[in-house]
Each structure stands twice: as structure tokens, then as C-alpha cells.
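Below is one structure, written out as C-alpha cells; the observations come after it.
The values are calculated or read from the model by the stated rules, or taken from the named source; none is laboratory data. Note that this is a predicted model, so its numbers are computed, not measured. Methodologically, a virtual Cβ is constructed for each residue, glycine included, from the backbone with ideal geometry; neighbour enumeration extends over all protein chains shown.
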Amino acid sequence: MIINSRFFNRSELLGFLSLALLLFLILPLTLDIFRLNLVAKYLTYAFVAIGLVICWGYGGILSLGQGVFFGLGGYCMAMFLKLEASSVANTKIQSTPGIPDFMDWNQLTQLPFFWKPFHSLPFTLIAILLVPAIIAFIIGAAMFKRRVGGVYFAIITQAIAAILTILIVGQQGYIGGINGITDLRTLLGWDIRTDHAKFILYFVEVILLFGCICAAQFIRLTKLGRILVAMREQEDRVRFSGYSVANFKIFAFCVAAMLAAIGGAMFTLNVGFMSPSFVGIVPSIEMVIYTAVGGRMSIFGAVYGALLVSFAKTSLSESFPQLWLFGLGGLFIAVVLFFPNGLSGIWRDHVQRHVDRLLTLVKSRKRWSGRSIAVGAPAE
Amino acid sequence: MLIGHQPQEFLLAVEGLTVSFDGFKAVNDLSFYVEENEIRVIIGPNGAGKTTVLDLICGKTKATSGAIQFRGKELTKLKENEIVQAGVGRKFQTPSIFDDLTVFENLEISYPRGRTVFGSLAFKRDDAVKDRVEEVAEMIFLKDKLKTYASFLSHGQKQWLEIGMLLIQDPDLLMLDEPVAGMSVSERVKTAELLNTIIKNRSVLVIEHDMKFVEDIAHKVTVLHQGKILSEGSMEKVKNDSKVIEVYLGH
Amino acid sequence: MFGDYSVGDLGAIFAMQGFAGLILFSVYVLMALGLAIIFGQMGVINMAHGEFMILGAYVTWLTSSFVQSYVPSIFSGYFFIAMALAFVASGALGMLVEWALIRHLYKRPLDTLLATWGLSLILQQAYRSVFGAREVGVELPQWMLGSQQITDTIEVPINGIFVMVLTTLITVAVAYIMYRSRWGKQVRAVVQNRVMAGAVGINTEKVDRYTFGLGCGIAGIAGSAFTMIGSTGPTAGQLYIVDTFLVVVFGGAASLLGTIASAFTISQAQSTMEFFMSGSMAKVLTLLAIVAILMVRPQGLFALKVRK
Amino acid sequence: MSDAQDRGLSLVDRRKLLMGMAALPALSLLSTPVFGAGPPTSVVNTTGLAVTDTEVTVGILHSVTGTMAISETGSVQAEKLAIDQINAMGGVLGRKIKFVQEDGGSDWPTFAEKAKKLLVNDKCASVMGCWTSASRKAVLPVFEQYNGMLYYPTFYEGLEQSKNVIYTGQEATQQIIAGLDWVAKEKGAKTFYLLGSDYIWPRTSNKIARKHIENNMKTKVVGEEYFPLGHTQFNSVINKIKLTKPDVIYAIIVGGSNVAFYKQLKAAGIDLSKQTLLTISVTEDEIDGIGGENIAGAYACMKYFQSLNNENNKAFVTAFKKMWGEKTVIGDVTQAAYLGPWLWKATVEKANSFDVDKVAAASPGVEFKGAPEGYVRIHENHHLWSKTRVGRAKLDGQYELIFETANLVEPDPFPKGYQ
């Protein structure tokens, strides 16, 4: 798919360009590496948020278990990096050199079988995408085929997040327990902890993010994207138009899972560890909040939402540690009550008009008569 | 099964169909047959089980017992989308269209191609699709509204759009649930005209209260009462049936 | 593991384990009743349910401190006053929240989830600012401590019995309110057809507000009762939320009987498994089993087959 | 009612109080100190730390929000008290200690992020912080990469040693072995039931305990169980305990679960004056939430109790209460957190430099005679030599000292034979 004028409409093009400007130029030029690394961390949630736009905004499926997939992606990456960091040379002092330190502390004397394939980077990269996709497929197939949706799906995914957290915390010998997998050092011999590496990883992540944005936009523009919208409104009509609604929901859920997993893997690379605290209920709900704040119907909104909320969280907690929960809680309520379409809704309802008028003045071009909800491409 | 000795002459054969909701039998041991190109109207007082019958045929409601054979396929074992793909189209009582999509997109979704997940990803809006959509849009009086979002349409236009969505599916059996209910007089005339064009060359199952309309189109009428068939036959015959007069036409 | 014990010992242990299961059952019912009303009857997902419970716990703590300092003579009975106050406080807060927040969201159930999550963050921080980050210890009157000797070998904790009795009373009261009283009829009418209920003269707004208030009030009582067995701190409410939702969903959301049956099933399964394996594994297995069953039977244990 | 108001007010007033403290020397040992008389900055700070002629910046990194705020509040208070007292005595190398406080928010990556901020942006000469193992594990690579100095106060599982960390709490063997030996000798204990919250510290500690019980004491473990963090239902395990009748319940349950566990234990009729229970996770802080009446009679094994009867401790408790209110209690970790700034000061003065490398190198052998727990000394492995004590919980929420080791116990973070 080539990016032509039909791939993005005007406001999306504006969003695309301004985001590219911000992430490729403005932030790298103005922030020191410490802050830039923080931005990289925030952006990992943007992947999850894009997935939620597809699955929740478009498909109407609210998953409160995205942390599960974020975690799975992150853990796959962390397992690879940990094996590399646990070379025999690095772990001489252990009673069993060559296995991760936490295994040694828990009397494991050999690498568990499910760790072995993670010596291979290609396997790891495939696993990052495939493991979450398979799990999402199983959950989705079981639930959507039986028409479990809405609230029930949300609660069950939440329970799955709780289960996985308890499991990981309890299995410290195999997966690092509550401390997670820490002290990751190199990727194929390249030290990921240096400032230089952080800088490069930032750009890798941003490029990947734009790749995902384009992929999501592609899905949105195909008939599948329109079917998701259609399904959210009139599930029965879609069914009686000859579509298997369950399959489409499974697809959307799997896409969201894979996007979350990419985010998780990038998180591990940028932050240098992975722990069960990103798998549970609280981070999962926060991920939904990023999407809601940015605008559940807008891919770019979701990215901005993830950036802004995380940024607010960091800066508020730096300046007013006692107050930031009030701020965060108030933000959730305000978004739901007053701005159900989030930032992108505010932009569309209050700013875009003026921008449009400005652009129309510059280029007297026939305007596309938009509707209040920017869904789907203009029909040809 | 009973169907075994029925030759393939019927398009739709409903036999011994029963559905019970917690003991209440909304449809009770119902049997009827629809031939190719037949227009069958189901009438009956409120709560007679008319809509439930359509729900059962299109798979929205699962039968407690009984069989529904369509072109030799057992519909009770199929999922809704498979029933649609087998050639059964259904219009609901209240217009059921996609408000957040344009008229074009609404029709395009019903176009019978790319119905799988990956099929819809690879679906291209080629000339065949565009031509067909425009053709149908013309039939349903919405040719100049193709780029309008469906939520902006009037009630009647929404009904037409839904009929158009069925039309584009090109079903062998078309099921319409009160297609002219809630329409203005002028819309009603136009709808009758529309229905008369689209019911050609296919079998149609209609639920309708408007007797004038029923008389105009029906080949055969089935009267339901309390989940059972009260009377069946030509409009003339049904009209003169004393049982029918008593429960339905009489008041 | 049983080889070295006499039959009598084992019998006593199993009897006590049975009581442990019943206590857990009562705890689950008490947690879930309020939510069953709010979620089951109103379709609102109240993620701040745990925080309403903790409000009840804090009210109990305040009452105990107050009674101890000013009217120590009634200390032995203060718990009943505390529970009543907890009901009023949580119920009032619930009605306020309904008025300010929930009533705008009835058509968007998933959004209530997000908004009430925000509310739960605010409440947690409010508790932390007002009561401090540390847990508070609620002092109980002497008669509520310790255990009741039933036979030579069987002892049952008094607070457990107390919770069981309390749960029974509240369940009966709720069942009466929902299924026998005029008000309950109005609630169910509003649930089934809001427009119609409004048309026949039911003040649907008022019904909504009181229903939500009732659910939150019961949460307050639950929180008050839990000071006997659990901790009271700003974030303690979060511990309960997943369990509570699962109990309600597993039971079939709209059915009070379902909630009770599901609480019974889950509590018995969990306490039995806990006896034979580690607490952590028992928890994981219980949750997994619930999720698996819900995947096979999404409507929960009790669901009416209705004409859609 | 007034009780609650006191607490509410005291929180609001703490900041004001703190500001006042800087001007009012808490111990009034000296008149208002004059800063700037120390050795020149170019000599004591060769690595660009935030040290001026009159000031030196350190970081405080704990959770003041989230689930861990409950536990970490005491550590923040102790560290601030120590800093105030040091400043009142003339500071470190003639420089006043200024602190930057960051909130870890009970979230491990936030800890890593804030640690990095403290080291990279604020150039803190040292950081007092962290509480859970997970947060320490998260910040450890940061401290090693950016060469910072962390003073970590919590008793923990061991299995770690870093040039960049001074562990002012006890590692597991210090805390566990002496206590088990005492209970075996004093109570003749032969059977043990091990309990814990399900994460690394209780599991590792129980592992060490089990090895010691089975291999060295030649006694028996009759049960070992773990519960998810935040678990509140303990009736089943209490029945199992009744069934197995262990001589000692060995409990390492943390957080809110503690409250539920002891309340339910009491309710189930297990009388802690008859049934021996030994815990290593309940300090006076936790008893505040559990309620003294629910835990009275239980034994705790750690290095410090608020009730310790020595001059250092009396002065410390008085100063602490003066600064943070009469009602505050002081637990083992709070005291260990108090040691951090003092040990750092002593080390800096020994090294005559703020440079992290020099401080790390000078640390072994540094003593602190004014420690509330008594004399402590930093070991080669950056842990502290300290005594281990057993206390019995009383109704008022305090422990009374029952036993203490005669000598300082050597820290052994990688114990041979226990892994």
C-alpha cells in the first residue's frame, strides 16, 4: 500500500506530519537523552493504545487485559536478553553458571525447556508476535464464538490479567517472580544501556511506531475497518449480511494483542527490564485510559494520549506527589463525562474548523463534507 | 426425517418447528412450505409468533425442535452468516443499518464478496462493486445520497437502504418484517413499487399488517395464531375462513 | 498427610474447614451483594466498589476511636452503630456519585467502568490524605474476639459466626426489598423498561439514585464487617474488586440467587483447594476454573432464557 | 474523632514542621552551624556531583503513593530526621545536606526512572531509598551504570552485593539463623510450619530457614505455604496448622495480608501465648494496623525494636517523635533507614571525598557508634555487622526484648550451604 492522498484524509495527514515532526525532530533536538528515553518509554504504551483503537474504538471490544499481551511481548524480549546477559563468563560466581541469576538462586540447575528457544533472536522476534496472538486467539475464539461481549469480556480479560500476575509472581524460579527479569545488558553484543544505544533505540521505536500507525490505518481503510464499525453499531445486521462476527472480533483482538506485544518488547529494550507489574489490572486499565484520553476513534489521538498522560503522570508525580492521583482520577472522569472522544474529539470539534478554514484560504480546494465522527474514508 | 421423502420442489420446507422460552411455546409444531418464486405473507395478531418464525429461519433464535430445509440444507444447524451465504436474506422490523457509515459503504458491506476476515482485508472497491452499488442505489431512490452518512437519512430512506442492502446480497429467499410500517403515505407508495420490483425472480416471506398491501402482493397467505397455523391458502380463502375472522380480521 | 491422626481429629478439622468455607462464602456474598444490585440491576460497572467498602471500614474505625474516647461504656456494642453509620456514609456517597457521575453514563456501561476507576483513584488518595498511608487498626470489643468451643475439638471463630449471621440478615433484607417491596418492583420495572416505567409514573431518576445508594451502602456494611478479618488501608479496597466482579458475573449478573450460588461454589472450591495445596496455587486454579467455565457458559450459573 | 483529626492535621503540618526544624537544631548540640568551612570543593568532588562549598545534595527515593506508601513512609521520616540532625551538627565536610525527594509510586520502572533522574539530572552524591526488593532490583543497574551510591534500608533476601549499594538492613541469614537457634534452644521446637507471601523475599527466607531447620538443627518442617500478595483469607491454612500442630509457626507475611492473618489466627482460637509464632516481617509499623491485641505474644526476630533500652535509642525515639508526632511508631526498617545518612556522612569523612568510587572503597570498616540499635560496622560486602534480637509483642504494640546475640552477626549475602 502506497501512501497517497487517499490513504490519509487531510486532518489525518496533518496529524501524521505533526507527529512525525514532533517525534523525529522536535523531541530529539530539544530533550536530553534522559528525557528522550522517558519519551521512548511512554511511546511503548502508544503501541498498545493503537491496538485499542482498532479493537475498542472500532470493534467495540473493551479489553482490560492488554497488560497481559504487553507483558508477554516484554517477557519474550526479556528472556532473550537475559540469556545473552547470563553467559557462562558473566555468571561465574553462580553455582550453575550460564543460567539466569534468579534461577540459580532458586536452585534450578538447568535452563527450563521453554527458555531454550529464546537463545535465538529470530525465534524471539516471532514469539513476540505469535505468542500473544495465539493466546488472544484462544481467548477470543472461546468468548466471541459464544457471543460474550461488552462488560463480560472486559471483566474476564481483567481476571486473566490477575491470574497471569499471580502466576508470574509465584514462579520466581522460572520467570523471575515479582522482581521480574532485570539487569538486561546487551542485544547481540551491543550494549543497550549506553546513551548512544538509547538514542538509536528511540529512533528504532519511532520508526516501528509509524509502521504500526500505517498498518492500523490500512486496516481501518479496508472493508474490514468498515465492518468493525458496522459491527459495533449493529452486530446482528453484520451477521445477517453474511459475515462471521466472531471471526472479525477475534481478528481485531489479535491485532490489538500483537500491537501491545510490540510495545512490551520495545519497553523491555528501552527500560532494561520487565516485571509482572506491567501485566496486572492497574496497568491494563491505564492503557485503556491513554486511549480514551487521546480519543478511542483516532489512531493519532491514541499516540498523543499515551504521550500526554504518561508525561502528566511523570511531571505531576515529580511536582505534587500527593496530588497526582487526584489529577489522574479527575482526568479519567472528565474525559468520560465531557470528552467521550478524547483529545481528538476536542481537536475535531473546536480546532479543526479553524485549521480547515485557514487551509481553505490558502488552497481553495473543494472541501470534503465531513461528518462529526471521522470514520472511514470518503466514499468514492 | 420427514424431509426425506419430500422432493426438491420446495425452496423452503419448515416442519414440526417448535421453540419454547422457559415453557412458553412461541412457535408450536409449525409446518409450511414455500415454493420457488412464491410470495408468501404471514399475518396474525400480535404475539402470534410471526417474527419468531423469521428469527428461527435466519438463525437468530435456535429451535427447540423441528427442521428447516432450504435447498436441501438444514438451516437449524447453520450459523447466521452461513444461512445468509446459503441465500437467505432478512430485513428487520426496525431499520437496522450502520449509522456511522455512508450509504455507499452500507451497500458495499452487503456486496456478496470478501466475507471472510482476510477476504475483507483484500477486498478491492473495483468497478463491478461500484456499478452494482450504484445500480441498487438507483432502485432504492438513494442515488444522490451515496456519500451521505446513514444517520442523516429519514426513517423511510433507512428502510429503503436496508432493503437495498438485502437486494445487493441477491438472496433466493427474502424475508421482510413489516417493510412499510411507520412510513408516510408517499413513502409507502414508493416502497410498494420498490418491493414489487425486487420480489421478482425470488421467493419472498413477508410479515405485514397492511391488508391492502398484502392483497396486492401475496400468492399465498399463512395466518398464525398462538404459534400455530390457523389457516393457509390464497387471500380469498383466508379472508373467508371463520376462524381467521374470529381472531384477526374480525375486530 | 493424614496418617498420624485419629479419626476424631480429622473429623474436627474437616468440620472446621467446612466452617472456613462457609465464612468465605459469607464474605463473598457480602462483598458481592452490593455489586450485584448495582451491576446486575443497573448495568453499571462500579470499579470503585472496593473504595466504598473501605469507606465503611474507616467509618467503623472512626466510630471505635470516638466511642473509646468519649463513651467507653457502650464500647461493647459500638460495632452495630458503626455498621449503621457505615451504611449511611457509603450510601450517601453513592447517591452523590450517582448524581454527579453515573446518571450521565447509563447508556454507556463501559464508560462507567473508566469513570468509576478514576473515582477509585481519587477516593484512594483522599483516604491517604485524610487517614494517612498506614493501615489503621480497628479495635474490637472483647466479645467479638476469640472463638466458640463447640465440641472438645471443634472451635469456630466468633467473628466468622458474626459475618455469617450478618450476611444472612442482609441477604434476606435485600431479597425482601428487591422482590417483595413496592420499591423493589419499581427498581425491576426500571431495569426492564426505563421508558415505560417512567411513563407509568415511576420517578426513574430517584429509583436509580436509591438503588445505587443501596448498593454502595451494602458495600459500606461489608467494609465495616471486614475490619474484623482484614486490613483497613487506603488501597485495601482494590484487593476485593476482581473477586467481587467474578462472583457476580459467574452467578449470572441479573440474578440475586445466582450471586449467592456462585459465591457458594467459588468459596467451597477455593477453601477445599486451599486445604490441599498452597494458597497461591489454589487462587490461580479457582480463578482459572471460573474463567474457563465462563467461556463455556458465558451467561453465568443462573440466567433466564428470554425471548430476544 | 479527634484521633482522626490529629492524624489528618499532622500530615499537613509535617512540611511546616520540617522547615522549622532546619532552623531549630533538633538536638541543640551546637549553636546554629555555619557551613562552608570544609575542604575545597575541587578536592572533595572530582566527578561533578552536586556539591558546592556550602551544600551537598542527596536523594530520597521512596514511594509516597501507591500500595507501598504504607511501609515506606517511616523510612522517609527517618532519613529526613537524620539529615536534619547531621545538618544541625555542622553537616558533612562542612557542607549542609540538601535533599531532593522523589516518589517511586510503588511502581518499579518509576523507581528506575527517578533513580536515573536523581543521578543524572540532580547529580546526587548519594541516594537513600527503595524498600521492596523489586524496586532495588530495578534501580540497581541504574546505580551501577551511572555510578551512584544507594543506601538501602530493608531487611531482604540477600543474594546480592554491589559496589554501589550499602545494605543497612539485615540480609536473610542474619535475621533468620539466630532466631531459629534461639527458638530451638528456648522452646525446644522440633516442628516448624513455614508461611509466606508469595514473592522472592519470603520464599528465599523460608528456603534458608528450611535448610537450617533440616540440615543444621536436624528438626522438621511440617508445612510450607505461600499466599498471593494482598490475600485476606487464612482460615484454611489455620486449620492446616491446627491439624499439623507445629511447635513453631514461622510467618513471613507482608502488607495488608498480615492484618487479616493475625486477626483470623486470634479468632480461630490460636493463643499466641501458648502457640509459638516467630515472624521476621512484622515490625512495630505493621502492629499499628494489626492491633496489639491480635498479635500479643508473638515473637519477632530482627535487629531493632523501638523499646530497646539504650541511650542512643532513647534519644532517637525522642527526636523522631518530636519531629513526626507522638503517635508514630518506629520499626526495624525505619531505624535502618536512619542509619543511611549517618553511615554516608562517616564514610565521606573517612574518605575525605564525596566521590562515589572513594566512598565505596572507604565503606568497609566504617563504624557508627550512635546507631539506635547499638554499634554497627560496614562489612567488606557492603552489608552491616549487626546483632540479631528476638522480641515478644505486647498488647500496646511494642516488642519487649527477649534475647539478643552476644556478638555482631556477620552478614553473608551468599550463604554457603543455604542455596
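Taking the conditions exactly as written (touching a His at 6+ places or on another chain (Cβ under 7 Å) and surrounded by fewer than 24 Cβ atoms within 10 Å (Cβ to Cβ)), does D:Ile177 satisfy them or not? In short, yes.
Listed here are the helices (runs of 4 or more DSSP H) enclosed by segment A:179-273 that have at least 1 residues being under 23 Å from the mean Cα position of the chain (by Cα), within 14 Å of chain B (Cβ to nearest Cβ) and of a type in the set (A, V, I, L, M, F, W, C): A:195-221, A:223-233, A:245-271. Residues of segment B:150-176 that are surrounded by fewer than 20 Cβ atoms within 10 Å (Cβ to Cβ) and acidic (Asp, Glu): B:Asp170, B:Asp172. Remark: A:Thr314 matches the filter, which requires a residue to be among the polar types (S, T, N, Q), over 20 Å from A:Gln66 (Cβ atoms) and touching a residue at least 24 places away in the same chain (Cβ under 8 Å). Selection of segment D:115-166 for residues being facing another protein chain (nearest Cβ under 8 Å), within 22 Å of D:Ala336 (Cβ to Cβ) and among the basic types (Lys, Arg) yields only D:Lys137.
In this entry, B:Leu101 is excluded by the filter for residues that are surrounded by fewer than 19 Cβ atoms within 10 Å (Cβ to Cβ), over 21 Å from the mean Cα position of the chain (by Cα) and within 7 Å of another protein chain (Cβ to nearest Cβ). Of the set (1) within 9 Å of another protein chain (Cβ to nearest Cβ); (2) within 22 Å of the chain's Cα centre (by Cα); (3) not hydroxyl-bearing (Ser, Thr, Tyr), all apply to C:His104 but (2).
Is one or more of the residues making up segment C:156-178 surrounded by 20 or more Cβ atoms within 10 Å (Cβ to Cβ), within 11 Å of another protein chain (Cβ to nearest Cβ) and outside any helix (DSSP H, G or I)? The answer is yes; a qualifying residue exists. B:Gly233 satisfies every condition listed in (1) exposed (fewer than 14 other Cβ atoms within 10 Å of the Cβ); (2) out of contact with any Ser or Thr (no Cβ under 8 Å at 6 or more places or on another chain); (3) without any contact (Cβ under 8 Å) to a residue 24 or more places away in the chain except (1).
Count of segment C:95-111 residues, restricted to those that are part of a helix (DSSP H, G or I) and hydroxyl-bearing (Ser, Thr, Tyr), is 0.
Please determine, by comparing only the residues of segment D:156-178 that are part of a loop (DSSP other than H, G, I, E, B) and not charged (D, E, K, R), which one is farthest from D:Thr388 (Cα to Cα). If we take residues in segment D:156-178 being part of a loop (DSSP other than H, G, I, E, B) and not charged (D, E, K, R), then D:Asn164 is farthest from D:Thr388 (Cα to Cα). Does C:Pro234 fit the bill of being surrounded by 23 or more Cβ atoms within 10 Å (Cβ to Cβ) and touching a Lys or Arg at 6+ places or on another chain (Cβ under 6 Å)? So C:Pro234 fits the description; yes. Considering the conditions (1) out of contact with any helix residue (DSSP H, G or I) (no Cβ under 6 Å at 6 or more places or on another chain); (2) within 14 Å of chain C (Cβ to nearest Cβ); (3) assigned to a helix (DSSP H, G or I), A:Leu308 is excluded by exactly one of them, (2). Given the structure, is C:Leu121 hydrophobic (A, V, I, L, M, F, W, C), within 9 Å of another protein chain (Cβ to nearest Cβ) and either without any contact (Cβ under 8 Å) to a residue 60 or more places away in the chain or under 30 Å from A:Ala292 (Cα atoms) (or both)? For C:Leu121, the condition - hydrophobic (A, V, I, L, M, F, W, C), within 9 Å of another protein chain (Cβ to nearest Cβ) and either without any contact (Cβ under 8 Å) to a residue 60 or more places away in the chain or under 30 Å from A:Ala292 (Cα atoms) (or both) - is met. Would you say C:Val97 is β-branched (Val, Ile, Thr), within 22 Å of C:Leu30 (Cα to Cα), away from chain A (no Cβ under 14 Å) and out of contact with any Pro (no Cβ under 8 Å at 6 or more places or on another chain)? Answer is no for this residue. Picking from D:Leu272, D:Leu278, which residue would you name as being surrounded by fewer than 21 Cβ atoms within 10 Å (Cβ to Cβ) and among the aliphatic types (A, V, I, L, M)? None of the other options fit; the residue is D:Leu272.
Considering only helices (runs of 4 or more DSSP H) fully contained in segment A:323-380, which possess at least 1 residues that are out of contact with any Lys or Arg (no Cβ under 6 Å at 6 or more places or on another chain), modelled with pLDDT of 80 or more and within 23 Å of A:Ala302 (Cβ to Cβ)?
Qualifying helices (runs of 4 or more DSSP H): A:324-338, A:342-346.
Using the structure shown, decide if B:Ile199 is at pLDDT below 80 and touching a strand residue (DSSP E or B) at 6+ places or on another chain (Cβ under 6 Å). Yes.
Exactly one residue out of D:Tyr156, D:Tyr146, D:Tyr152 is touching a residue at least 12 places away in the same chain (Cβ under 8 Å), surrounded by fewer than 24 Cβ atoms within 10 Å (Cβ to Cβ), under 30 Å from A:Gln172 (Cα atoms) and of a type in the set (Phe, Trp, Tyr), and it is D:Tyr146.
Among residues of segment D:349-389 being β-branched (Val, Ile, Thr) and over 16 Å from the mean Cα position of the chain (by Cα), the one that is farthest from D:Met149 (Cα to Cα) is D:Val366. Being of a type in the set (Val, Ile, Thr), over 22 Å from D:Phe316 (Cα atoms) and assigned to a loop (DSSP other than H, G, I, E, B) is a property that does not hold for D:Thr110.
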